[in-house]
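What follows is a set of notes on a single structure, which appears directly below.
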Amino acid sequence: MVKLPASLERKLAELFPRVRERDKFVADVVTDALDNVNPEEEIKAVGGTLHLFTDGGSRGNPGQAAIGLIIEDPAEGKVIREHGERIGIETNNVAEYRALIEGLKIAKRYHPNRLVCFLDSELIVKQLKGEYRVKMPALKEFFAEIQELVLEMPLVEFHHIPRADNYKADELVNKALDEHPSPHYE
């Protein structure tokens, strides 16, 4: 059983003089609390620096598309979260943007002091850094959503990396596409 503060133990003893009743009450309260936890809710702070690796791809351009992302704690040297999913028929660039958006949303739950984002799309990194303009209207919406998400965190950086260094996120994209192949019409 969990050790409770003395003041709480005294209060429980007043309410439930029998130990068995007291233990049952505490167990019921804890069980109820755990049953009502939503895993998509706020995750308690990890803080520090986190690394986010994202990738998006489509088979055909446009074609069946998927996103993949990895969140790592570089201080611990471990993966905190992996996520991959199909997103329907999209272009490669839309998939790349949507992977980053999903990654930012998930990373925000860990309350990092600094989030370093690694993408293998040089175009998107240069657009996010203001080196290139976002010309396509469809991408402007994604760009704006990323700008809003970035404002909700203390520090976010974007870095381009070679595709070979982003293999974990790429594997998640391909896994999502392979698990649910597009239908073949004859």
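The values are calculated or read from the model by the stated rules, or taken from the named source; none is laboratory data. Not measured: the values here are computed from a predicted model. Ideal geometry is used to build each Cβ from the backbone, glycine not excepted, and the neighbour counts take in all protein chains shown.
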Qualifying position, being loosely packed, with under 15 Cβ neighbours inside 10 Å, farther than 16 Å from Asn92 by Cα and of a type outside the set (D, E, K, R), among Ala138, Ala144: Ala144
Number of the condition not met by Glu85 [criteria: (1) closer than 19 Å to His159 by Cβ; (2) acidic (Asp, Glu); (3) part of a strand (DSSP E or B)]: (1)
Scan of segment 95-131 for residues that are among the hydrophobic types (A, V, I, L, M, F, W, C) and under 17 Å from Ala75 (Cα atoms), ordered by number: Ala107, Leu115, Val116, Cys117, Phe118
Answer from His111, His159 - the residue that is in a strand (DSSP E or B), under 22 Å from Leu50 (Cβ atoms) and either among the β-branched types (Val, Ile, Thr) or under 18 Å from the mean Cα position of the chain (by Cα) (or both): His159
Lone qualifier among Glu148, Glu131 - being in the same structural domain as Gly68 (by TED's automatic domain parsing), part of a loop (DSSP other than H, G, I, E, B), more than 16 Å from Glu82 (Cβ to Cβ) and of a type outside the set (Phe, Trp, Tyr): Glu131
Filter result (assigned to a strand (DSSP E or B) and either hydrophobic (A, V, I, L, M, F, W, C) or outside the structural domain of Val173 (by TED's automatic domain parsing) (or both)) within segment 52-82: Leu52, Phe53, Ala65, Ala66, Ile67, Leu69, Ile70, Ile71, Val79, Ile80
